[in-house]
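First comes the structure, then the notes that go with it.
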Amino acid sequence: MAPRLSRSFYSQPVLRVAEACIGKILVHDTPEGLVAGRIVEAEAYRGPQDAAAHSRGGRRTPRTEAMFGEAGRAYVFMIYGIHYHFNLVAGGVGEPHAVLIRAAEPLAGLDIMRRRRGPAGRGLNVTNGPGKLCQAFGIEAKDYASDLCAGPLYLAEAAPTEILRSPRIGVDYAGSWARKLWRFSEAENPYVSVPPRATLRRK
DNA sequence: GAATAGATTGTCT
DNA sequence: GACAATCTATTCT
């Protein structure tokens with residue numbers, strides 16, 4: 001397997017980290033077996049200014065605490081009472097920046113992923129969304145603040161690919177911040193949750 | 001294929 | 001007590 005990415009990768013500016021992690025390999029070595037996939041979609045969140053970030057306005061709570069810590073740790077949170085979301089912490093200590101990993105293309109442990117996903121996890125429907133990805137990779141509350149530079153959950157090196165920029169998903173409440181092109185995805189990859197540019201509204 | 005409702009709980013007002 | 005960086009099943013067309 002490719003070498004694990006070190007702290008210096010996560011210590012870059014958050015927009016750079018979000019872009020650079022497209023094509024990289026996400027690995028989780030779990031008791032059920034090892035799962036891995038190429039990251040094909042990610043978004044940058046840059047508090048305290050960014051109105052779409054949980055750390056907007058400098059909100060520092062038990063939930064957001066990990067984002068205020070060192071780069072290279074995991075920020076995991078629950079959303080809609082059902083799904084987990086997985087982020088890479090970026091920025092220096094006290095800078096609450098993070099990169100949401102939204103989708104991946106399975107490389108290893110696909111059988112384990114499908115088992116975790118259950119009946120709904122057919123076809124592409126395994127890792128093509130932030131909640132699905134967490135379920136397939138077995139990422140949960142126990143992984144909160146875990147160190148990606150040392151633990152069983154980490155990113156590994158991979159060759160760069162063609163990257164597209166588009167607006168972030170599901171943050172319409174954030175005003176002008178919602179329009180920033182802070183989502184990065186791999187061109188033409190079927191596992192991208194919402195294809196950029198396919199957001200045409202026709203009547 | 002598109003639109004809609006319901007799920008279900010941690011977090012913050 | 002409202003709502004969220006979503007997903008799934010169902011009900012249309």
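The values are calculated or read from the model by the stated rules, or taken from the named source; none is laboratory data. These numbers were taken from a predicted model, which means no experiment stands behind them. Cβ coordinates were reconstructed from backbone atoms using ideal geometry, including for glycine residues, and neighbour counts include every protein chain displayed.
Annotations
- Evaluating residue A:174 against the criteria (1) under 22 Å from residue A:31 (Cβ atoms); (2) of a type in the set (Gly, Ala, Ser); (3) within 16 Å of DNA strand B (Cβ to nearest atom) leaves one unmet condition, (1).
- Wholly within the range A:7-99, strands (runs of 3 or more DSSP E) carrying at least 2 residues that are under 17 Å from the mean Cα position of the chain (by Cα), within 16 Å of DNA strand C (Cβ to nearest atom) and aromatic (Phe, Trp, Tyr): A:74-79, A:83-90
- When A:183, A:122, A:117 are checked against the criterion of being surrounded by fewer than 16 Cβ atoms within 10 Å (Cβ to Cβ) and either in contact with a strand residue (DSSP E or B) (Cβ under 6 Å, 6 or more places away or on another chain) or more than 20 Å from residue A:16 (Cα to Cα) (or both), A:122 stands alone in meeting it.
- If you filter the range A:6-38 down to residues that are of a type in the set (A, V, I, L, M) and closer than 16 Å to residue A:107 by Cβ, you find that the one that is surrounded by the fewest Cβ atoms within 10 Å (Cβ to Cβ) is A:34.
- Candidates A:65, A:95 - the one that is among the acidic types (Asp, Glu), closer than 15 Å to residue A:146 by Cα and either in contact with a Gly (Cβ under 6 Å, 6 or more places away or on another chain) or at pLDDT 95 or above (or both): A:65
- Test for residue A:93: is it away from DNA strand B (no atom under 16 Å from the Cβ), of a type in the set (A, V, I, L, M, F, W, C) and closer than 24 Å to residue A:115 by Cα: no
- Output for the range A:50-100, where each listed residue is within 19 Å of residue A:134 (Cα to Cα) and of a type outside the set (A, V, I, L, M, F, W, C): A:54, A:63, A:64, A:72, A:73, A:75, A:80, A:81, A:83, A:84, A:85, A:87
- For residue A:38, the conditions (1) of a type in the set (Lys, Arg); (2) out of contact with any Leu (no Cβ under 7 Å at 6 or more places or on another chain); (3) under 20 Å from residue A:182 (Cα atoms) are fulfilled apart from (2).
Yes or no, residue by residue, for (1) within 22 Å of residue A:2 (Cβ to Cβ); (2) surrounded by fewer than 22 Cβ atoms within 10 Å (Cβ to Cβ):
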residue: A:91; (1), (2): no, no
residue: A:99; (1), (2): yes, no
residue: A:130; (1), (2): no, no
residue: A:145; (1), (2): no, yes
residue: A:162; (1), (2): yes, yes
residue: A:188; (1), (2): no, yes
residue: A:193; (1), (2): no, yes
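- Which listed residue is free of Cβ contacts under 8 Å to residues at least 24 places away in the same chain, surrounded by 15 or more Cβ atoms within 10 Å (Cβ to Cβ) and within 16 Å of DNA strand B (Cβ to nearest atom), from A:73, A:63: A:63
- Where strands (runs of 3 or more DSSP E) sit wholly within the range A:101-203, those with at least 3 residues that are under 25 Å from residue A:67 (Cα atoms) occupy A:153-156, A:183-186.
- Residue in the range A:109-117 that is under 28 Å from residue A:11 (Cβ atoms) and in contact (Cβ under 8 Å) with a residue 60 or more places away in the chain present: no
- Within the set A:179, A:122, A:117, the sole residue that is away from DNA strand B (no atom under 16 Å from the Cβ), basic (Lys, Arg) and either out of contact with any Phe, Trp or Tyr (no Cβ under 7 Å at 6 or more places or on another chain) or closer than 25 Å to residue A:62 by Cα (or both) turns out to be A:179.
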